[in-house]
Amino acid sequence: MAGKSKKKVDTGFCLFGAEIMGKLTEDLLSEADGVRESDDIEYIHRMRVASRRIRAALPLFTICFPGKEYKRLRKSIRAITRSLGDARDLDVQMDFLTSYLETLPDEAPPLWYAGFLPPGEETTVMVQEEEEERPAPPEPSGIITRITEVIRRMRSYLAGEMAVSVQPAPPPHSPSLRPGIECLLLRWTERRTALQPDVISAVDTFEASGVGDELLEWSRDQIISARLHDTDSHSRFAYETAYRVISKKILDIFSYERYIPDPEEVRKHHEMRISAKQLRYTIEIFRDLYPDRLKEEIQSIKHLQDLLGDMHDCDVWLEVLPAFLEEEEARVSAFFGHPGFMQFIRPGIIHLARDRRTRREDLYRSFAAYWETMKSEGLFDRLRQKILEPLVIGPQSSHLQTGSDPIRIAFISDIHGNLPALDAVLEDAGRRGVSHILHLGDLVGFGPFPEETIRRIRGESITGVAGNIDTDTLLMKKKNCKKKDSEKEIALCWTRRHLSKESRRYLAGLPGEIRTRAGGISLLLTHGSPVSSTGRIGPDTPDTELSEYAASTGAAVIITGHTHIPFARTIDDCLFINPGSVGRPHDGDPRASYCILQTDPLSVCHIRIPYDIDAVTDEMEAVKLPAIFKTILRHGITIDEARLLMHLPEEKDDSISAGHRSEPEFTWYEPGRRNE
């Protein structure tokens with residue numbers, strides 16, 4: 001395996017990152033003064049969101065920053081995000097309590113206005129002179145003023161400056177709800193007030209660190225340099241990164257699907273909310289790469305996030321309210337010597353807890369139903385296809401739909417680590433003027449050049465799907481190869497050991513299928529059949545089975561691999577194509593096989609290309625791969641056929657089987673004619 005090399009920085013991708021980071025940093029810094037003043041809770045909300053978006057974006061553009069600088073920037077952004085968290089949460093809860101009070105009956109029990117409310121740790125009240133007469137209760141809108149007045153009167157009473165007339169409590173069947181909520185709001189207000197100095201200090205510290213200014217300066221430098229060199233931010237590396245990270249975030253959110261049926265999986269639902277938020281932030285970072293800016297997908301995922309967020313808010317209340325009652329009862333008992341005053345606080349808190357429980361149940365049902373709707377409408381599949389499309393036919397794909405020249409796409413499959421065969425095919429395809437090359441999986445396995453094959457595929461910007469052997473190779477990570485293992489297991493274990501971490505990550509990120517269009521024709525690419533990566537579509541596949549695939553997929557052309565045998569047939573106006581195998585044919589012809597699809601007129605050309613098979617078999621022997629794979633390669637046969645052949649006399653096993661020609665060979669197929 002080749003040694004490690006330093007990653008080359010893609011200037012277009014760093015320009016894209018600079019445009020994103022510059023805007024987010026400006027958003028962050030613009031809210032600082034508003035956060036200090038604390039006149040509007042939206043300032044701290046916007047600043048926190050901007051910091052979280054920067055946190056989500058920074059790891060994506062790591063290669064654009066020196067290592068130490070990146071770590072310092074990320075640490076500083078993480079610190080400001082965390083410092084705003086508790087304050088923002090309290091702001092949201094206080095805003096909710098204020099709105100919740102407006103839904104309750106307007107009550108003014110005399111006991112509440114003249115009674116006692118023990119002060120909290122942060123409550124400060126100025127004791128005034130004794131008043132001659134008791135003022136009327138304040139309006140409900142002056143909640144804090146009203147509670148502060150209660151505390152002032154209580155202090156005056158204890159100082160002997162006034163008398164208190166305590167009336168009987170309300171009847172049990174109609175408890176007063178407002179006092180408990182008002183008390184809760186007072187305590188939260190005290191906590192929020194106590195946090196404000198720390199919030200201001202955190203904002204001051206962040207501004208003094210100069211991190212924001214550094215990010216702005218870095219962004220400006222990247223943009224100016226890129227303009228001088230006519231750099232395009234829509235680089236292929238940007239699209240590859242977008243596809244990789246968004247696909248991973250989709251997998252992350254689906255990892256929580258098994259917890260959806262259980263409404264009591266509170267912690268997992270909260271983690272799913274975070275996953276949905278991270279997916280949305282990631283899509284929003286890359287949305288400018290795509291013509292429709294992925295608006296529909298962002299809106300749908302935001303709605304999912306909002307449902308999960310509202311559920312989480314309910315869960316938080318259901319967790320904190322019992323603790324609040326315990327704390328308040330301890331405060332009341334310490335102040336009065338008994339918990340009797342809790343009869344005025346407890347009803348409102350219990351009512352709020354029941355309300356949040358009911359609301360949580362309603363939200364859960366909406367969330368579970370919406371998740372099923374998202375899946376049934378294919379939202380995640382559409383998202384995958386949209387972010388994959390630029391990698392298949394280029395960022396500016398519209399010209400393929402409207403251009404007058406026919407499109408020529410080369411399809412390659414089942415390379416199986418055979419680099420010389422791949423090199424020969426790519427050279428031939430280049431001479432024939434193909435506009436795009438797409439692969440159908442099984443890049444590795446059995447051949448002696450797995451790492452080099454993936455590097456060549458990536459270097460040529462060839463996009464494709466995962467094959468079953470690609471997946472099987474990755475699953476070998478926990479298996480120790482032994483002599484008693486099958487030849488396949490030995491070969492796959494060897495292959496995985498000789499793949500770099502980056503190449504394994506690339507294989508793991510390959511999609512199961514690709515849907516795209518070329519010249520107005522819809523294409524579906526899979527490794528096996530449309531329903532399985534090990535499904536087989538070839539000369540022996542019944543027309544009835546192909547007809548089912550045509551109806552279920554809706555594609556005009558279905559291209560598959562896996563069988564290692566070239567094939568083309570039209571059923572129900574759907575063209576089925578198998579390009580055969582580049583690196584390990586099974587039809588008795590050891591030459592590399594691939595095909596070219598032309599859109600106008602629609603036709604397929606299967607091509608056989610000779611290459612240096614001896615170079616491959618010699619390397620197989622050098623790295624000690626099982627000998628049976630040399631026989632397979634030399635004769636173009638299956639492993640079962642190779643086992644039989646290896647028991648026969650070895651007269652002809654040193655030369656390429658059956659005297660196959662050393663020149664390319666072409667076979668044309670046009671739909672409407674049974675000429676395959």
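If the Cβ limit is 7 Å and pairs must be 6+ apart or interchain, which residue in the range 247-275 that is among the polar types (S, T, N, Q) pairs with which residue that is not in a loop (DSSP other than H, G, I, E, B)?
SER247/ARG384; SER275/ASP252; SER275/ILE253
Here's the yes/no breakdown for (1) farther than 22 Å from ALA615 by Cβ; (2) at pLDDT 75 or above:
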| residue | (1), (2) |
| --- | --- |
| ILE628 | no, yes |
| ARG634 | no, yes |
| SER655 | no, no |
| TRP668 | yes, yes |
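If you take the residues in the range 223-242 that are more than 27 Å from the chain's Cα centre (by Cα) and part of a helix (DSSP H, G or I), which one is nearest to GLY12 (Cα to Cα)? So that I can check it myself, show each step before the final result.
In the first step, residues of the range 223-242 are kept if they are more than 27 Å from the chain's Cα centre (by Cα); the result is 223-231.
Narrowing further to those that are part of a helix (DSSP H, G or I): 223-228.
Working: ILE223: 10, ILE224: 12, SER225: 11, ALA226: 8, ARG227: 10, LEU228: 12 Å.
Among them, the one singled out is ALA226.
Tell me the residue from ILE253, ILE283 that is assigned to a helix (DSSP H, G or I) and in contact with a Ser or Thr (Cβ under 8 Å, 6 or more places away or on another chain), please.
On the way: ILE283 fails: in contact with a Ser or Thr (Cβ under 8 Å, 6 or more places away or on another chain).
Result: ILE253 is the single residue among ILE253, ILE283 that is assigned to a helix (DSSP H, G or I) and in contact with a Ser or Thr (Cβ under 8 Å, 6 or more places away or on another chain).
Given the criteria within 14 Å of GLY17 (Cα to Cα), in contact (Cβ under 8 Å) with a residue 12 or more places away in the chain, of a type in the set (Gly, Ala, Ser) and surrounded by fewer than 20 Cβ atoms within 10 Å (Cβ to Cβ), does SER235 qualify?
Working: within 14 Å of GLY17 (Cα to Cα): yes; in contact (Cβ under 8 Å) with a residue 12 or more places away in the chain: yes; of a type in the set (Gly, Ala, Ser): yes; surrounded by fewer than 20 Cβ atoms within 10 Å (Cβ to Cβ): yes.
Here the answer is yes, as SER235 does meet what is asked.
Considering only the range 317-355, how many residues are aromatic (Phe, Trp, Tyr), under 18 Å from LEU185 (Cα atoms) and modelled with pLDDT under 95?
2
This table checks each residue for (1) more than 19 Å from SER219 (Cα to Cα); (2) outside the structural domain of SER209 (by TED's automatic domain parsing); (3) at pLDDT 95 or above; (4) among the aliphatic types (A, V, I, L, M).
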site	(1), (2), (3), (4)
ARG36	yes, no, no, no
ASP40	yes, no, no, no
ARG53	no, no, yes, no
CYS64	no, no, no, no
LYS68	no, no, no, no
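Residues of the range 289-300 being over 11 Å from LEU383 (Cα atoms) and aliphatic (A, V, I, L, M), which ones?
Selection gives LEU289 alone.
Which of the residues spanning the range 63-97 are of a type in the set (A, V, I, L, M) and either without any contact (Cβ under 8 Å) to a residue 24 or more places away in the chain or closer than 14 Å to GLU42 by Cα (or both)?
LEU84, ALA87, LEU90, VAL92, MET94, listed by residue number.
Take the range 521-541 and flag every residue that is surrounded by fewer than 16 Cβ atoms within 10 Å (Cβ to Cβ) and either in a helix (DSSP H, G or I) or not charged (D, E, K, R) (or both).
Passing the criteria: SER522, VAL531, SER532, THR534, PRO539.
Confirm whether ILE558 is closer than 22 Å to VAL392 by Cα and either without any contact (Cβ under 8 Å) to a residue 40 or more places away in the chain or surrounded by fewer than 22 Cβ atoms within 10 Å (Cβ to Cβ) (or both). Write out each step before concluding.
Values: closer than 22 Å to VAL392 by Cα: yes; either without any contact (Cβ under 8 Å) to a residue 40 or more places away in the chain or surrounded by fewer than 22 Cβ atoms within 10 Å (Cβ to Cβ) (or both): yes.
Answer is yes for this residue.
Which residues, counting only those in the range 288-316, are modelled with pLDDT of 95 or more and among the hydroxyl-bearing types (Ser, Thr, Tyr)?
Answer for the range 288-316, where residues must be modelled with pLDDT of 95 or more and among the hydroxyl-bearing types (Ser, Thr, Tyr): just SER300.
Taking only the range 50-79 into account, find how many residues are in a helix (DSSP H, G or I) and of a type in the set (Phe, Trp, Tyr). Break it down into steps so the answer makes sense when it comes.
Step one: filter the range 50-79 for residues in a helix (DSSP H, G or I), giving 50-64, 67-79.
Going one step further and asking which of them are of a type in the set (Phe, Trp, Tyr), we end up with 61, 70.
The qualifying residues number 2.
State which residue is surrounded by the fewest Cβ atoms within 10 Å (Cβ to Cβ) when the search covers only the range 41-90 and only residues that are among the aliphatic types (A, V, I, L, M) and within 21 Å of the chain's Cα centre (by Cα). It would help to see each step written out before you state the result.
Step one: filter the range 41-90 for residues among the aliphatic types (A, V, I, L, M), giving 41, 44, 47, 49-50, 54, 56-58, 60, 63, 73, 77, 79-80, 84, 87, 90.
Right, trim to within 21 Å of the chain's Cα centre (by Cα) and you get 49-50, 54, 56-58, 60, 63.
Values: VAL49: 18, ALA50: 22, ILE54: 25, ALA56: 19, ALA57: 19, LEU58: 21, LEU60: 21, ILE63: 15.
Per the criteria, the residue is ILE63.
The values are calculated or read from the model by the stated rules, or taken from the named source; none is laboratory data. This one's a predicted model, so the numbers in the text were calculated from it and none came from an experiment. Here the Cβ is made from the backbone with ideal geometry for all residues, glycine too, and neighbour counts use every protein chain on show.
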